[in-house]
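Right, one structure below, let's go through it.
No lab work stands behind these numbers, since they all come straight from the coordinates. Because the structure is a prediction, the values reported are computed rather than measured. A quick note on method: Cβ atoms are made from the backbone with ideal geometry, for glycine too, and the neighbour counts reach across all protein chains shown.
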Amino acid sequence: MDSGSTGADPGEKTLKKCIDDYLSTRQSETSSQNMSHVLESWREWLARRDADCFDAIDAKCCREYAFHLAERADAGEFAGSTAHTYYAFVRAFLSFAVRDEQIDTNPAMTNRAVEPLPEDEGSGDQQFWTAGKRDALLRYADQQVNSALEQPVAPSPIIGSRMRDRAIVTLLALSGVRGAEVFAAPRDDRRNGLTWADVDLEGQSLQVLGKSRDIENAPLPTRAARALERYRDVVEPPTEAWPVFPSRHAASLHKAFREGSDFSESKTERLLANNNVDELLREHEIAPPSLSTNGARSVMQRICDRYDLAIDGEYLKPHGARRGLGHELYSKGRAEDAQSALRHKSIETTHSAYSDIQAGETAGRIDDVVGE
């Protein structure tokens, strides 16, 4: 089947033909090649959604594509600025389609469509957790757990919640994982969150779906492993398939029970009406969904607001933890450790990521030779 031909009348252009016509108008060969890759990837994404014809491309479809790009950026596949560039290529093509009289208006131009795009951060302005902020965050998380444990009768949900927060903070701060490797990306069915089966506490490693979409082993330093182990002792997951960080979204938990239950619809609804959904899921070993990347950002914002921690006026974002760890290792002359911790395929990638440190060190050596 020729993707892009769905629903087209004999006299109408297919989506593919219109893209080819648009690319032929690009004077720069490099520009045309870059756009060609992005637009073909977009067309394949549309085809998987059975939306590869002009009639199906509306503001809702463009909004879903923006979500798709945001989740790829969350997964570390590219920067937020790249997501904006890819969307801009699609928007420019759709403007051409308007001029070519294939569609009446450009659906990618609406505020609703572009809203899900990630923050467009320049490569030099990307947040990273400083060692001081990281250590303060870890210290406060420890204090919250200890204060709960010191209470004569501390409710177990409070202890579990604070241990979960500490496990999230410690894992992000020390392991170098990307947020989308441990939390669920709702529109990516392979990124459904870390489970206890993925955690090797004794071997101090995690199995995650990496940027390349291959399974990779991420390091689990002692402090992070200890936080996860104590958290596990409290939550007692009923199966290894249980998510490490389950969602607390009530509607999602009810949906999980409905979809996983073997009972009749009427009995399922009676059980939900008369019982705690968390207890039902545990009793019947129906795994709840994992905390999402958006949910993890909300957790981090809540913690930072409570402890009054910020970097340049913003809460400590999950992606900043990875950059901060790499920055600290690299700045201490441990480039190969930074490469290993961040799971870069080559040392050149690590050097490129921290070229600002290299430049500063070179400047210092120049000063040593020629004087300040």
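In nm, give the distance between the simple-model label positions of Lys60 and Ala250, each being 7 Å from the Cα along the Cα-to-Cβ direction.
Output for this residue pair reads 2.7 nm.
With Kirkwood radius over Cα pairs in Å as the read-out, I listed (i) 23.4; (ii) 21.0; (iii) 22.6; which label goes with the value calculated from this structure?
Of the labelled values, this structure produces (i).
Pop out the ³J(HN,Hα) list for region 169-184 in order, Karplus 6.51 cos²θ - 1.76 cosθ + 1.60 with θ = phi - 60°, rounded to Hz; leave Gly and Pro as x.
4, 5, 4, 5, 5, 10, 9, x, 6, 7, x, 6, 8, 10, 10, 7
Would you please give the FRET efficiency between Glu202 and Asp135, computed as 1/(1 + (r/R0)^6) with r the Cβ-Cβ distance and R0 = 25 Å, to the nearest 0.05?
Details: r = 26 Å, r/R0 = 1.06.
Computed FRET efficiency for Glu202 and Asp135 comes out at 0.40.
So which of Lys60/Lys317; Lys60/Lys211; Lys211/Lys317 end up more than 25 Å apart, counting from Cα to Cα? Don't jump to the answer; show the numbers that get you there.
On the way: Lys60/Lys317 28 Å; Lys60/Lys211 27 Å; Lys211/Lys317 18 Å.
With Cα atoms farther than 25 Å apart: Lys60/Lys317; Lys60/Lys211.
Taking only Cα atoms of region 132-217, what ratio of Rg to Rh do you get with Rh as the Kirkwood inverse-distance radius? Each step should come with its number before you reach the end.
Values: Rg = 15.2 Å, Rh = 14.6 Å.
So for region 132-217, dividing Rg by the Kirkwood Rh gives 1.04.
Specify the residue with the greatest mean-square fluctuation among Met300, Met163, Met109, computed from a Gaussian network of the chain linking alpha-carbon atoms under 10 Å apart.
Taking springs between Cα atoms under 10 Å, the residue moving most is Met109.
Hey, got the dipole for region 133-234? About the Cα centre, +1 on K and R Cβ, -1 on D and E Cβ, debye to the nearest 20?
Details: 16 positive and 14 negative charges, 75 e Å.
Charge dipole, region 133-234, about its Cα centre: 360 debye, nearest 20.
How much length is gained on full extension from Thr105 to Lys16, taking 0.36 nm per residue of separation minus their Cα-Cα distance? Don't jump to the answer; show the numbers that get you there.
Values: separation 89, 0.36 × 89 = 32.04 nm, distance 1.88 nm.
The span from Thr105 to Lys16 would gain 30.2 nm if fully extended.
So if I place +1 on the C-beta of Lys and Arg and -1 on the C-beta of Asp and Glu, and nothing else carries charge, what would the dipole magnitude of region 151-190 be about its Cα centre? I want it in debye, nearest 20.
80
Cα-based Rg of region 219-351 per 2.2 N^0.38 Å, rounded to two decimals?
1.42
Peptides 181-192, 210-221: what's the order by average Cβ count within 10 Å, highest mean first? Could the numbers behind the result be given before it?
Details: 181-192: 19.8, 210-221: 15.6.
Listed from highest to lowest mean packing, they are 181-192, 210-221.
For the charge dipole of the chain, defined by +1 on Lys and Arg C-beta atoms and -1 on Asp and Glu C-beta atoms about the Cα centroid, which residue among Ile286, Gln144, Leu228 has the Cα displaced farthest towards the positive pole?
Positive-most Cα among the choices belongs to Gln144.
Which peptide among 267-279, 243-255 comes first, and what is the full order, when sorted by highest mean count of other Cβ atoms within 10 Å? Walk me through the intermediate numbers first.
Working: 267-279: 13.0, 243-255: 17.5.
In descending order of packing, they fall as 243-255, 267-279.
222 nm [θ] for the chain, helices only, -39500 (n - 2.57) per DSSP H run of 4+, per residue, to 500? Spell out each step's value before the answer.
Working: 17 runs with 215 residues, N = 372.
Helices in the chain give a 222 nm mean residue ellipticity of -18000 deg cm²/dmol.
According to the Cα gyration tensor, what semi-axes, each the square root of 5 times an eigenvalue, does the equivalent ellipsoid of region 19-96 have, listed from largest to smallest in whole Å?
Each semi-axis is √(5λ); the values are 20, 17, 10 Å.
If you take every residue apart from Lys211 with its C-beta less than 13 Å away from the C-beta of Lys211, what net charge results, scoring Lys and Arg +1 and Asp and Glu -1? Mind showing how you got there, number by number?
Values: positive: Arg72, Arg178, Arg190, Arg191, Arg213, Arg322, Arg343, Lys345; negative: Glu71, Asp74, Glu77, Glu181, Asp188, Asp214, Glu216.
Spelling it out: positives minus negatives among the neighbours equals +1.
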